[in-house]
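Single-structure report; data block below.
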Amino acid sequence: MEKDYTIHFENTPEYLRATYTSNSNSIELFRSVLFEVANELKKHKTKKVMLISESPYKLEEAEIFNIATECAPLYFGLKCAFYDTFPIHFSRLRFAELVSENRGLNVQCFTEFEVAEKWLLED
């Protein structure tokens, strides 16, 4: 079965960069992206990740709440910067950040790559 998304992984000396784009919008698709990124992090024993969305689609708030709750255990102890190339999504990103932080995750969402990378590289 063909995936409705693509992920490009790049291992930098400091973190894993995961850039994804999709051809559709669904909670199942984003769940698959998060699981695939988590597996790559485990494989490389990396503790920092920059997740870059090049997808024009966004999830509804209820879907964000559910996916953040479900996937939180995969990202405990990690530092995760989420950079969305579509600034119009920022209000939803702030909600995702809040839900994730309430589940004990170290996640921040950004609309500028340089700012996201600076935060990710801080100790």
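What follows is calculated from the coordinates using simple rules that are stated; it is not laboratory data. Only a predicted model underlies this, so the values are computations on that prediction, with no experimental measurement involved. Note that we place each Cβ from the backbone using ideal geometry, even for glycine, and neighbour counts take in every protein chain shown.
Normalising the average separation of contacting C-alpha pairs (under 8 angstrom, six or more residues apart) by the number of residues puts the relative contact order of the stretch 22-123 at 29 percent. Taking each DSSP H run with n ≥ 4 as -39500 (n - 2.57) and averaging over every residue of the chain yields -13000 deg cm²/dmol at 222 nm. If R0 is 22 Å, the Cβ-Cβ spacing of Glu40 and Ala62 corresponds to a FRET efficiency of close to 0.20.
Could you grab the relative contact order for the stretch 1-79? Cα pairs under 8 Å, six or more apart, rounded to a whole percent. Kindly include the intermediate steps, with their values, before the conclusion.
On the way: 92 pairs, mean separation 26.2, N = 79.
Across the stretch 1-79, relative contact order equals 33 percent.
Residue separation times 0.36 nm, minus the C-alpha to C-alpha distance between Thr111 and Leu74: what's the value? Don't skip to the answer; put the middle values down first.
Details: separation 37, 0.36 × 37 = 13.32 nm, distance 2.37 nm.
Full extension of this stretch gives 11.0 nm more.
Here Rg/Rh (Cα atoms, Kirkwood Rh) was calculated from the structure, and among (1) 1.13; (2) 0.92; (3) 1.04 it sits at label (2). Can you compute the FRET efficiency between Glu28 and Glu54 using 1/(1 + (r/R0)^6), with r the Cβ-Cβ distance and R0 = 30 Å? Round to the nearest 0.05. Efficiency, from the Cβ-Cβ distance: 0.95. The HN-Hα couplings worked out from phi for the stretch 74-83 by the Karplus form 6.51 cos²θ - 1.76 cosθ + 1.60 (θ = phi - 60°) are 6, 10, 4, x, 10, 10, 10, 9, 10, 10 Hz, whole numbers, x standing for Gly and Pro. Other residues lying with their Cβ under 11 Å from the Cβ of Thr85 contribute a combined charge of -3, Lys and Arg counting +1, Asp and Glu -1.
Find how much the distance from Thr85 to Asp4 grows on full extension, using 0.36 nm per residue of separation minus their present alpha carbon separation; answer in nm with one decimal. Working shown, then result.
Working: separation 81, 0.36 × 81 = 29.16 nm, distance 1.85 nm.
Length gained between Thr85 and Asp4: 27.3 nm.
Database remark: amide H of Asn106 closer than 5 angstrom to the amide H of Gly77, Leu78, Cys80 (H placed geometrically; neighbours at sequence offset of 5 or more, or on other chains; Pro and chain starts carry no H).
Only Lys, Arg, Asp and Glu carry charge here, each on its Cβ (+1 for the first two, -1 for the last two); on that basis the stretch 65-123 has a dipole of about 220 debye about its Cα centre.
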